[in-house]
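I have placed the structure first, in the form of structure tokens, so that the comments after it can refer back to it.
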Amino acid sequence: MLKSRICDILGIKYPVFQGGMAWVADADLAAAVSNAGGLGIIAGMNMNGEQLRAEIKKARSMTDKPFGVNVMLMSPFTAEVAEVIVEEKVPVVTTGAGNPLPYIKKWIDAGVKVIPVVASVSLAQMVAKRGATAVVAEGGESGGHIGEAHTLPLIPQVVDAVDIPVIAAGGIADGRGIAAAFMLGAEGVQLGTRFLVAKECNVHQTYKDRVIKAGDSATVVNGRRIGHPARALKNPFTRLFAEREKDPTATDEELTSFGAGALRKAVQDGDWENGSFLCGQVAGLVKKEQTCREIVEELALEAETVLKNAASYLG
Ligand code: TUI
């Protein structure tokens with residue numbers, strides 16, 4: 001069976017995390033992944049403290065397994081969300097899109113396991129030194145906000161730099177990707193795009209259909225000029241955004257406000273013209289809607305088969 005030391009540390013069956021996708025990852029999705037033996041993660045991004053508390057309570061009513069909350073560090077609600085995580089004694093917190101150092105001590109003191117998402121060796125080392133339980137190292141193949149490094153070079157460099165377990169993210173959608181990540185030294189994986197089309201995922205059906213239809217070149221990165229590069233499905237919104245980004249008369253403020261709200265339009269309204277359909281490069285590998293249990297069990301079995309067969313390359 002596919003397992004690693006992160007399974008014992010967190011009390012989960014499989015070393016498979018579901019990404020804390022902003023506006024997408026709610027209690028329904030997180031509880032379904034945790035019930036399937038992975039680590040489900042609720043996105044705190046689009047919620048204030050009380051909305052998050054309600055979502056945590058809902059997840060608790062749906063699963064007795066551990067789950068996590070993701071804190072998007074650029075959110076205006078970061079401070080209150082950080083406090084609710086302490087009060088509710090959430091088992092695991094992951095962070096993204098920034099440096100979590102101001103919050104780490106408070107969470108560790110409250111018994112919360114801290115697993116920051118990092119896109120560089122330097123941030124991985126910094127959080128390891130401050131007591132992080134593990135890191136998720138996320139490559140630029142991911143959907144949403146990304147760093148500069150890609151998964152194949154990033155994972156082994158982070159593995160070499162820290163002693164805590166490294167969870168690989170970015171570009172993984174099936175058992176082959178999981179096996180490859182383990183060969184790079186990762187002890188777990190985090191997947192977003194594959195769980196976007198889970199039956200228990202509440203995104204608009206148009207979002208799921210577009211991910212399932214997407215091929216290898218379906219995504220594009222916009223937003224480098226305003227310091228927030230984000231990968232999404234190519235659509236009328238990303239084409240217009242790219243044009244404005246190249247236009248020297250458009251100010252950074254205009255670009256930022258143009259992007260604001262676009263993710264909600266994709267997730268809730270399925271608005272293909274005006275929405276930002278954040279999605280990883282693996283969309284071409286994601287073929288059908290499945291339950292979280294089907295996804296997690298298929299991933300674990302495929303990875304196990306690939307890892308067992310790897311010995312056949314040794315003459
Ligand atoms: O955070 C993510 N993915 C996200 S957040 C998000 S909401 C959003 N949408 C548009 C623009 C901005 C935010 C959608 N997807 N993944 C984790 C992640 N963290 N990827 C990259 C990073 C990161 C980047 C730079 C973490 C730290 C960092 O620098 C920290 C520092 O200050 O040194």
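Some observations on this one:
- Its Cα centre serving as origin, region 20-162 has a Cβ charge dipole (Lys and Arg +1, Asp and Glu -1) of approximately 380 debye.
- Rounded, prolate or oblate (a/c below 1.5 giving rounded, otherwise prolate when a/b exceeds b/c) for the chain by Cα gyration tensor: rounded
- Taking a straight line from the alpha carbon of LYS246, these lysines sit under 17 Å away, with near neighbours fewer than eight places off in the same chain left out: LYS234.
- With 5 Å bins from 0: P(r) over region 244-315, alpha-carbon pairs, percent: 3, 12, 11, 14, 15, 10, 9, 7, 8, 7, 4, 1, 0
- Full extension of the chain between VAL221 and LEU301 gives 25.6 nm of extra length, using 0.36 nm per residue less the Cα-Cα distance.
- Rounded, prolate or oblate (a/c below 1.5 giving rounded, otherwise prolate when a/b exceeds b/c) for region 141-279 by Cα gyration tensor: oblate
- Dipole axis of region 91-146 (+1 Lys, Arg; -1 Asp, Glu on Cβ), positive-most option in ALA110, THR94, ALA137: ALA110
- Taking every protein chain into account, the 1.4 Å probe leaves HIS228 with about 80 Å² of accessible area, to the nearest ten.
- Ranked order, GLU254, GLU88 - accessible area, probe 1.4 Å, largest first: GLU254, GLU88
- Within the same chain, lysines fewer than 8 places from LYS57 are excluded, and of the rest, those with a Cα less than 25 Å from its Cα are LYS13, LYS65, LYS89, LYS105, LYS106, LYS113, LYS199.
- Atom-type composition of the exposed protein surface of the chain places 53 percent of the accessible area on carbon and sulfur (1.4 angstrom probe).
- Residue separation of GLN125 and ARG176 scaled by 0.36 nm, minus their Cα-Cα distance, works out to 15.6 nm of gained length.
- Furthest towards positive pole of dipole, VAL81, ALA198, LEU299, structure part the chain, Cβ charges: LEU299
- Counted by Cβ distance under 14 Å from PRO153, the other residues give a net charge of -4, where Lys and Arg count +1 and Asp and Glu count -1.
- Whole-Å semi-axes of the ellipsoid equivalent to region 203-281 (Cα gyration tensor, √5λ, descending): 22, 14, 9
- Whether region 107-216 is rounded, prolate or oblate, judged on the alpha carbon gyration tensor where a/c under 1.5 counts as rounded: prolate
- Computed [θ] at 222 nm, helices only, for the chain once each DSSP H run of length n ≥ 4 contributes -39500 (n - 2.57): -11500 deg cm²/dmol
- A straight chain from LYS213 to THR291 at 0.36 nm per residue would run longer than the Cα-Cα distance by 26.2 nm.
- Helix runs (DSSP H) in the chain reaching 18 Å along axis by Cα, Kyte-Doolittle at least -0.5: 292-309
- Per residue, in Å², the accessible surface of the chain once ligands and nucleic acids are set aside, probe 1.4 Å: 42 Å²
The values are calculated or read from the model by the stated rules, or taken from the named source; none is laboratory data. Since we're looking at a predicted model, the values are computed, not measured. When we count neighbours, we look across all protein chains shown, and the Cβ atoms used for this are built from the backbone with ideal geometry, even at glycine. With ligands, DNA and RNA removed, areas are computed over all heavy atoms of the protein, side chains included. Shrake-Rupley method; radii C 1.70, N 1.55, O 1.52, S 1.80 Å.
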